[in-house]
Structure formats: structure tokens, C-alpha cells
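Engineer: Pasting in a structure now, in C-alpha cells, and then I'll have a few things to ask.
The values are calculated or read from the model by the stated rules, or taken from the named source; none is laboratory data. Keep in mind the model is a prediction, meaning the values are calculated, not measured. Cβ coordinates were reconstructed from backbone atoms using ideal geometry, including for glycine residues, and neighbour counts include every protein chain displayed.
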Amino acid sequence: MDRVIISDIERINLIDYFQPNYFDCIIFADVLEHLKDPWAVLKNVTNFLTDSGFIITSIPNVRHYTTIINLIKGYWPYRERGIHDKTHLRFFTLKNVKEMFQNAGLKIVRIERNYRIIGRPHWFKRFSKYFAFCPFKEFVTFQYLMVSKKKKGDSL
């Protein structure tokens, strides 16, 4: 690392620290769902991504079947971690994620899914992929792992 800056990504003025097109890779690993305005943050950081650079993200899928079952019961399952982490400010489905990236001037080039039948990591996880067939795939997707790039011609 050349330097480390500790700051609130929603308040920092990145232009004070970096030139546009500075980063080859920006990683938001379970971050966007904790922000007040992840749409603005993603759009802002895209300006600091090189034309050949990538943004790598992991985002929980609120469309997981456990959310639906709990809502049918009339309950929101606040948890210490996972999809229903009580510190999440935003919740996303794949459609929401695609829309957010589109509006930020990004093209998703790869999507992988972390399948999980139960909320906590468990030995049973290895069997989750067998439940991941259409039309059930989105309901057992616990988390989306994505790689995106700038759309051609989009820069600061």
C-alpha cells in the first residue's frame, strides 16, 4: 500500500486525495448496505476508477427465502450478522443492484452467488447449490459477488 486514509466514505472528498482514474480496483466487501446513500458513493468512486479497472462487491440478497418466511410471520429478523444484520441501512435484490450499478455508469461483467440454506455458515452449505435451480435460485442466494467495470466513455 502506498497510503491509508481513514474516513467516512460518504463524507470524504476523494478529489482531495486522488486524481480521477486513479484506482485499478475498488473493493466494497459487505459495505454498500451499511451506507445511507450507496447509490451516490458508487457513482462517485466510479470517477476514480481507471478505464480498465474493476469494482468488486459483495452484497447480501434480501430476497433470500428466510426474509420472505419471516415477513409472512409478521417479523423482521434483526440479527448480529448476515442478510438481516441490524446495522444494515439498505437492502438489495439482484434487480436493485443491477439498477444501482447501471445508474453509477458501471457494467456488471461477472456475478457469482453464495448459496446458503441457513443463515450461518454450516457444513450443510456445500449442499445449498443443489437447491439453486430456477426458479428457486434467487431464494437460496445469500450473497451476490460481483465484478463491474466502467461503461465505455464514462469518466469524470
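Engineer: Filter the stretch 120-156 for residues that are at pLDDT 65 or above and assigned to a loop (DSSP other than H, G, I, E, B) and give the result. Steps first, please.
Structural biologist: Initially, the stretch 120-156 is screened for residues at pLDDT 65 or above, giving 135-152.
If the condition is that a residue be at pLDDT 65 or above and assigned to a loop (DSSP other than H, G, I, E, B), then Pro135, Phe136, Lys151, Lys152 are the ones that fit.
Engineer: Identify, please: which residue in the stretch 42-67 is within 12 Å of the chain's Cα centre (by Cα) and of a type outside the set (Gly, Ala, Ser) and is, among those, surrounded by the fewest Cβ atoms within 10 Å (Cβ to Cβ)?
Structural biologist: Going residue by residue through the stretch 42-67, those that are within 12 Å of the chain's Cα centre (by Cα) are 42, 55-62.
Those left that are additionally of a type outside the set (Gly, Ala, Ser): 42, 55-57, 59-62.
Numbers: Leu42: 22, Ile55: 22, Ile56: 14, Thr57: 25, Ile59: 25, Pro60: 24, Asn61: 24, Val62: 17.
Here the answer is Ile56.
Engineer: Filter the stretch 70-119 down to residues that are assigned to a loop (DSSP other than H, G, I, E, B) and of a type in the set (Ser, Thr, Tyr) and give me whichever is surrounded by the most Cβ atoms within 10 Å (Cβ to Cβ).
Structural biologist: Thr93
Engineer: For Pro20, only one of the following conditions fails: (1) closer than 30 Å to His84 by Cα; (2) not in a strand (DSSP E or B). What is its number?
Structural biologist: Checking Pro20 against (1) closer than 30 Å to His84 by Cα; (2) not in a strand (DSSP E or B), the one that fails is (1).
Engineer: OK, next. Quick check: is even one residue across the stretch 63-74 touching a Pro at 6+ places or on another chain (Cβ under 6 Å) and at pLDDT below 95? Spell out how you get there, then give the answer.
Structural biologist: First pass over the stretch 63-74, keeping only residues touching a Pro at 6+ places or on another chain (Cβ under 6 Å): 70.
Within this subset, residues satisfying the condition of being at pLDDT below 95 are none.
Checked against the condition, which is being touching a Pro at 6+ places or on another chain (Cβ under 6 Å) and at pLDDT below 95, the stretch 63-74 yields no hits at all.
Engineer: Would you point out which residue out of Phe18, Phe28 is in contact with a Phe, Trp or Tyr (Cβ under 8 Å, 6 or more places away or on another chain), surrounded by 12 or more Cβ atoms within 10 Å (Cβ to Cβ) and of a type in the set (Phe, Trp, Tyr)?
Structural biologist: Values: Phe28 fails: in contact with a Phe, Trp or Tyr (Cβ under 8 Å, 6 or more places away or on another chain).
Exactly one residue qualifies, and that residue is Phe18.
Engineer: Please tell me if Ile56 is within 24 Å of Val140 (Cα to Cα) and not in a strand (DSSP E or B).
Structural biologist: no
Engineer: Does the stretch 47-57 contain at least one residue that is in contact with a strand residue (DSSP E or B) (Cβ under 7 Å, 6 or more places away or on another chain), under 23 Å from Val147 (Cβ atoms), free of Cβ contacts under 8 Å to residues at least 40 places away in the same chain and small (Gly, Ala, Ser)?
Structural biologist: no
Engineer: Name the residues in the stretch 58-82 that are touching a strand residue (DSSP E or B) at 6+ places or on another chain (Cβ under 7 Å) and free of Cβ contacts under 8 Å to residues at least 40 places away in the same chain, would you?
Structural biologist: The answer is Val62, and nothing else.
Engineer: Which residue pairs have Cβ atoms under 6 Å apart, sit 6 or more places apart or on different chains, and have a first residue in the stretch 93-104 that is farther than 15 Å from Val45 by Cβ and a second that is surrounded by fewer than 17 Cβ atoms within 10 Å (Cβ to Cβ)?
Structural biologist: none
Engineer: Report, by residue number, each residue of the stretch 57-71 that is closer than 21 Å to Thr87 by Cβ and not basic (Lys, Arg).
Structural biologist: Initial filter on the stretch 57-71 (closer than 21 Å to Thr87 by Cβ): 57-64, 66-67, 70-71.
Within the stretch 57-71, Thr57, Ser58, Ile59, Pro60, Asn61, Val62, His64, Thr66, Thr67, Asn70, Leu71 meet the criteria.
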